[in-house]
Amino acid sequence: MVKSIYKGRVITVNIDTVRLPNDTIIDLEIVRHPGASAMVPIKEDGTVILVRQFRHAAGGFIYEIPAGKLHAGEDPKLCAARELEEEIGYRAEHYTLLSSILTAPGFTDEVIHIYKATGLIKTQQRLDQDEVLEVVELPLPEVMTMIHDGRIRDAKTMVGCQLVFFSTLR
């Protein structure tokens, strides 16, 4: 049984009555999210393009890879392409899926599809009204240092950049 508690523009909150594998019946609060795509835009010289974006829930500005919410039925790769151009003003010739991650599986079904975006072509940034950000270009080793010392705390950014970095070591 599912009881809808809240339906907003980004999330829905339900109480799902479920039978667990041990036959216990329990009510679980579940945040339903349509999913998202994110990408690590990397230039030929190894420069990563991040955004320093205002996130009220995080208490201010944080460093992130570009990302955005999937529209209903949207292909994650097309979402990645749309968000890359909107947020940083680039198109990419190639998208390579790095991983599809569960963000917080204890209470949400959100999945973020993380791509590596290469063959970047400069276009024009088209921010949404609620996006407050600056574009930041950094060498990949510096991004790794920022992850290590805690200046980058966003999980999708950490996962994406580490996957790109470790792929360069092979």
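Can you pull out the residues in the stretch 82-120 that are more than 15 Å from the chain's Cα centre (by Cα) and part of a strand (DSSP E or B)?
Y90, R91, A92, E93, H94, T118, G119, L120 - these are the residues of the stretch 82-120 that are more than 15 Å from the chain's Cα centre (by Cα) and part of a strand (DSSP E or B).
Would you mention how many residues in the stretch 6-54 are more than 30 Å from S167 (Cβ to Cβ), in contact (Cβ under 8 Å) with a residue 12 or more places away in the chain and part of a strand (DSSP E or B)?
So the count comes out to 13.
Check off (1) under 19 Å from P34 (Cα atoms); (2) among the small types (G, A, S); (3) free of Cβ contacts under 8 Å to residues at least 60 places away in the same chain for S99 and give me the number that stays unchecked.
(3)
How many of the residues in the stretch 108-136 are surrounded by 11 or more Cβ atoms within 10 Å (Cβ to Cβ), more than 27 Å from P34 (Cα to Cα) and among the β-branched types (V, I, T)?
2
Sort through D27, D16, D45 and tell me the only one that's over 23 Å from the mean Cα position of the chain (by Cα), assigned by TED's automatic domain parsing to the domain that holds E93 and surrounded by fewer than 18 Cβ atoms within 10 Å (Cβ to Cβ).
Answer to the selection: D45.
Could you go through the stretch 78-93 and let me know if any residue there is assigned by TED's automatic domain parsing to the domain that holds C161 and farther than 18 Å from R126 by Cβ.
Taking every residue of the stretch 78-93 in turn, at least one turns out to be assigned by TED's automatic domain parsing to the domain that holds C161 and farther than 18 Å from R126 by Cβ.
The conditions are (1) surrounded by 12 or more Cβ atoms within 10 Å (Cβ to Cβ); (2) out of contact with any Ser or Thr (no Cβ under 8 Å at 6 or more places or on another chain), and Y90 fails exactly one of them. Which is it?
Evaluating Y90 over (1) surrounded by 12 or more Cβ atoms within 10 Å (Cβ to Cβ); (2) out of contact with any Ser or Thr (no Cβ under 8 Å at 6 or more places or on another chain) leaves (2) as the failure.
Residues P139, P105: which one is surrounded by fewer than 12 Cβ atoms within 10 Å (Cβ to Cβ) and either more than 19 Å from E74 (Cβ to Cβ) or modelled with pLDDT of 95 or more (or both)?
When all the criteria are applied, what remains is P105.
Can you run down the residue pairs with Cβ atoms below 6 Å, 6 or more apart or on separate chains, where the first is in the stretch 121-149 and in a loop (DSSP other than H, G, I, E, B) and the partner is at pLDDT 95 or above and surrounded by 12 or more Cβ atoms within 10 Å (Cβ to Cβ)?
Partner pairs satisfying both residue conditions: T123/E85; T123/G89; T123/R91; Q124/G89; Q125/G89; R126/E86; V132/F54.
The values are calculated or read from the model by the stated rules, or taken from the named source; none is laboratory data. As the structure is a prediction and not an experimental result, all values here were calculated from the model. Heads up, the Cβs are rebuilt from the backbone with ideal geometry, glycines too, and the neighbour counts pull from every protein chain shown.
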